[in-house]
Amino acid sequence: MRILVIGANGQIGRIVVDKLKDSEHTPVAMVRKEDQAAAFKDEGVEAVFGDLEQDISRAFDNIDTVVFTAGSGPHTGADKTILIDQEGAMESIDLARENGVKHFVMVSGLGVENARQAGEKMRPYMHAKYRADEHLKQSGLSYTILRPGLLTNDPATDKVELFVNQPEPGEVTRADVASVLAEIVNQKPADRVYYLLGGQTPVGELF
């Protein structure tokens, strides 16, 4: 399968691409800059240009699954957060549906359904992610939404815990999030929302 990774140049996205590259799937990295595309191509990975603030329709040609890992980052204002994390995600969902994508995997965040209770800085991000999640649920696409806890840059453990109900706050490594995303691509759990924290269950035994 051809897997479009939106946000491929991000910390999680890069690991997802590497894992998919070593699998039976073909990752397609969506990037915004020429040097990013060149870096992926040097690694033997197909890259397509796409800016979530502009037209990204060409990126969806001949794609089977989408993994949306993009985010505006912690140092942007609320306007950029809405453009990327909400509007960009929602347009990606619409384009996936129009192009016959079989499964859409969304990286969201733990607690987004309680956006109004978040601190002032985090509120736009949480609200945007929640709106995107709800849009995906109503899109008619087969989907998996993954809501990880606080992300860390610690080494991968390859052991996590998945929850179907919102757990107490906790942490999970970005590398482990990427491993779970790759497993979701393989297993395609349909129309499910999962919460993810570090834990003791091997990633390969989650589904």
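The values are calculated or read from the model by the stated rules, or taken from the named source; none is laboratory data. Remember, predicted model here, so these are calculated numbers, not experimental data. When we count neighbours, we look across all protein chains shown, and the Cβ atoms used for this are built from the backbone with ideal geometry, even at glycine.
In contact with a strand residue (DSSP E or B) (Cβ under 7 Å, 6 or more places away or on another chain), modelled with pLDDT of 95 or more and of a type in the set (G, A, S) - does that describe any residue in segment 189-197? Break it down into steps so the answer makes sense when it comes.
Just the residues of segment 189-197 that are in contact with a strand residue (DSSP E or B) (Cβ under 7 Å, 6 or more places away or on another chain), to begin with: 189, 191-197.
Next, only the ones that are modelled with pLDDT of 95 or more stay: 189, 191-197.
Next, only the ones that are of a type in the set (G, A, S) stay: none.
Looking for residues that are in contact with a strand residue (DSSP E or B) (Cβ under 7 Å, 6 or more places away or on another chain), modelled with pLDDT of 95 or more and of a type in the set (G, A, S), one finds none in segment 189-197, hence no.
For segment 12-35, a tally of residues being among the polar types (S, T, N, Q) and modelled with pLDDT of 95 or more returns 1. Condition first: free of Cβ contacts under 8 Å to residues at least 40 places away in the same chain, surrounded by 14 or more Cβ atoms within 10 Å (Cβ to Cβ) and farther than 18 Å from M122 by Cβ. Now tell me which residues in segment 146-173 satisfy that. Hits for segment 146-173 are A156, F163, T173.
For segment 47-87, the set of residues classified as over 25 Å from M122 (Cα atoms) and surrounded by 15 or more Cβ atoms within 10 Å (Cβ to Cβ) consists of A47, V48, F49, G50, I56, A59, F60, I63, D64, T65, V66, listed by residue number.
Considering (1) in a strand (DSSP E or B); (2) without any contact (Cβ under 8 Å) to a residue 40 or more places away in the chain; (3) not β-branched (V, I, T), the lone condition that D176 does not fulfil carries the number (1).
Which of the following residues is out of contact with any helix residue (DSSP H, G or I) (no Cβ under 6 Å at 6 or more places or on another chain), within 23 Å of L4 (Cα to Cα), among the β-branched types (V, I, T) and at pLDDT 95 or above: T152, T144, T201, T173?
T173 is the lone residue from the list that is out of contact with any helix residue (DSSP H, G or I) (no Cβ under 6 Å at 6 or more places or on another chain), within 23 Å of L4 (Cα to Cα), among the β-branched types (V, I, T) and at pLDDT 95 or above.
Here segment 179-195 is the region considered, the condition is being in contact (Cβ under 8 Å) with a residue 40 or more places away in the chain and not hydrophobic (A, V, I, L, M, F, W, C), and the residue that is surrounded by the fewest Cβ atoms within 10 Å (Cβ to Cβ) is D191.
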